[in-house]
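Worksheet: the structure to be examined is printed underneath.
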Amino acid sequence: MRVLAAMSGGVDSAVAAARAVAAGHEVTGVHLALSRNPQSFRTGARGCCTVEDSRDARRAADVIGIPFYVWDMAERFHADVVDDFVAEYAAGRTPNPCLRCNEKIKFAAVLDKAQALGFDAVCTGHYARIVDGPDGGRELHRALDPAKDQSYVLGVLDARQLAGALFPLGDSLKTDVRAEAERLGLAVADKPDSHDVCFIADGDTRGFLAERLGTAPGKIVDSSGAVVGEHQGAYGYTIGQRKGLRIGDPAGDGRPRYVLEISPVENTVTVGTAEELAVDALDAGHVRWCGPVGRDGFDCLVQLRAHGEPVAASARYDADGGVVMLAFAASVRGIAPGQTAVLYDGSRVIGSATITATRRADAVAGA
């Protein structure tokens, strides 16, 4: 096949490109320039799409022996990922920009452009597996290395996008990938993995949002409505948060308090006990199926964070409303609107949906 290898400048995408070549494909490397300031520099494992990353990707392509190009997608990335990230926090929700980037950039804008140029597939360094299903379609499965599995952030891909994707690292351990990079003579063999939000190089999400949304002082209240503190912007909090609340008076029972609710309309942040965080069901929209559309009712495992443990649930799909309703076998804590619920059948990804509302057992029973 003619394969476009997306090369971030890290070890994973470099080895993935090398494996695509070894598999006999005609490979071209491309680095996505996503930052409006491409001259920015990395800080250890922080940062993305910096000038060093571009140079590292080019050097890796030279060692592998493939053509290499840089595609400027900064404006598209800013509109579809960065602006969306800011807007979601302003609305009191907690987004995952990595999922949005995979959906809108790497497997929409890049895949579409690649196919228009005659490429058959886009290859990335994600840790996930694509398996041929019994119906002849392609299925997305968890990676062999559970510590590096990235199927969660790929749960937004639909059947067409899976058909045009290659994940050569899905059956490998990270330690083996680094060892292979060293054998190939790739200078990125020991390069640290990037982490946190790639476009917030210093890791200060609250400061990043404050620069774009300004300060908006408001009240922090407990579940009874009593004022227990003040904040400088409700966007700086997320449900389940414990640290950084800056509450002057301790709770009456001496136990820690957590963010229970964020209301941008009233500009309040509500805090309470860990027990008050527990939810038993949720609704989610923006449904994306990684294959055939889900049945009306089925049991599944649900992962609610990129590195979270899956929990058992029963699912119902309202096709007319485009909403998935999940009821958990046991209560879960710290679930925020805006997060993504990825549904699994064993290791296979069924699909994903964005959480719009959560409910407690008493509310579910009274519904």
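Checking each residue of segment 47-58 against the condition of being under 30 Å from Leu260 (Cα atoms), of a type outside the set (Val, Ile, Thr), out of contact with any strand residue (DSSP E or B) (no Cβ under 9 Å at 6 or more places or on another chain) and modelled with pLDDT under 95 gives no match.
Taking segment 70-126 as the range and being open to solvent by 30 Å² or more (accessible area, probe 1.4 Å), under 25 Å from Gly338 (Cβ atoms) and of a type in the set (A, V, I, L, M) as the test, the residues that pass are Ala79, Ala87, Ala90, Ala91. Restricting to segment 147-177, count the residues that are touching a helix residue (DSSP H, G or I) at 6+ places or on another chain (Cβ under 6 Å) and either part of a loop (DSSP other than H, G, I, E, B) or under 18 Å from Gln115 (Cβ atoms) (or both). So the count comes out to 7.
Taking first residues from segment 65-82 that are closer than 17 Å to Arg55 by Cβ and partners that are part of a helix (DSSP H, G or I) and open to solvent by 70 Å² or more (accessible area, probe 1.4 Å), the Cβ contacts under 7 Å between residues at least 6 apart in sequence or on separate chains come to Phe68/Arg58. In segment 128-144, which residues are over 21 Å from Gln339 (Cα atoms) and either open to solvent by 20 Å² or more (accessible area, probe 1.4 Å) or part of a strand (DSSP E or B) (or both)? Scanning segment 128-144 gives Arg129, Ile130, Val131, Asp132, Pro134, Asp135, Gly136, Gly137, Arg138, Glu139, Leu144. Going by the structure shown, is Phe119 of a type in the set (Phe, Trp, Tyr) and without any contact (Cβ under 8 Å) to a residue 60 or more places away in the chain? The answer is no for Phe119.
On the given criteria, is Phe199 in contact with a His (Cβ under 9 Å, 6 or more places away or on another chain) and either hydroxyl-bearing (Ser, Thr, Tyr) or not in a strand (DSSP E or B) (or both)? So Phe199 fits the description; yes.
Could you tell me whether segment 26-42 includes any residue that is touching a His at 6+ places or on another chain (Cβ under 7 Å), open to solvent by less than 70 Å² (accessible area, probe 1.4 Å), of a type in the set (Ser, Thr, Tyr) and at pLDDT below 95? There is no residue in segment 26-42 that is touching a His at 6+ places or on another chain (Cβ under 7 Å), open to solvent by less than 70 Å² (accessible area, probe 1.4 Å), of a type in the set (Ser, Thr, Tyr) and at pLDDT below 95. Going by the conditions given, is Thr268 within 24 Å of Glu139 (Cβ to Cβ), hydroxyl-bearing (Ser, Thr, Tyr) and touching a residue at least 12 places away in the same chain (Cβ under 8 Å)? Here the answer is no, as Thr268 does not meet what is asked. Restricting attention to segment 254-297, the residues that are assigned to a strand (DSSP E or B), of a type outside the set (Val, Ile, Thr) and within 19 Å of Val153 (Cα to Cα) add up to 5.
Filtered by the rule that a residue be buried (at least 18 other Cβ atoms within 10 Å of the Cβ) and within 16 Å of the chain's Cα centre (by Cα), segment 151-193 gives Ser151, Tyr152, Val153, Leu154, Gly155, Val156, Leu157. Applying the set (1) out of contact with any helix residue (DSSP H, G or I) (no Cβ under 7 Å at 6 or more places or on another chain); (2) under 19 Å from Pro146 (Cα atoms) to Ala313 leaves exactly one unmet item: (2).
Considering only residues of segment 316-346 that are within 29 Å of Ala90 (Cα to Cα) and of a type in the set (Asp, Glu), which is surrounded by the fewest Cβ atoms within 10 Å (Cβ to Cβ)? It comes out as Asp320.
Of all residues in segment 258-287, which are more than 24 Å from Ser352 (Cα to Cα) and not hydrophobic (A, V, I, L, M, F, W, C)? Across segment 258-287, the qualifying residues are Tyr258, Ser263, Pro264, Glu266, Asn267, Thr268, Thr270, Gly272, Thr273, Glu275, Glu276. Kindly check whether there is at least one residue in segment 308-315 that is at pLDDT below 95, within 21 Å of the chain's Cα centre (by Cα) and either open to solvent by less than 40 Å² (accessible area, probe 1.4 Å) or within 20 Å of Ala128 (Cβ to Cβ) (or both). Among the residues of segment 308-315, at least one is at pLDDT below 95, within 21 Å of the chain's Cα centre (by Cα) and either open to solvent by less than 40 Å² (accessible area, probe 1.4 Å) or within 20 Å of Ala128 (Cβ to Cβ) (or both), which makes the answer yes.
The values are calculated or read from the model by the stated rules, or taken from the named source; none is laboratory data. Quantities reported herein were computed from a predicted structural model and do not represent experimental measurements. Here the Cβ is made from the backbone with ideal geometry for all residues, glycine too, and neighbour counts use every protein chain on show. Accessible surface is based on the protein model in full, side chains and every heavy atom, while ligands, DNA and RNA are left aside. Shrake-Rupley method; radii C 1.70, N 1.55, O 1.52, S 1.80 Å.
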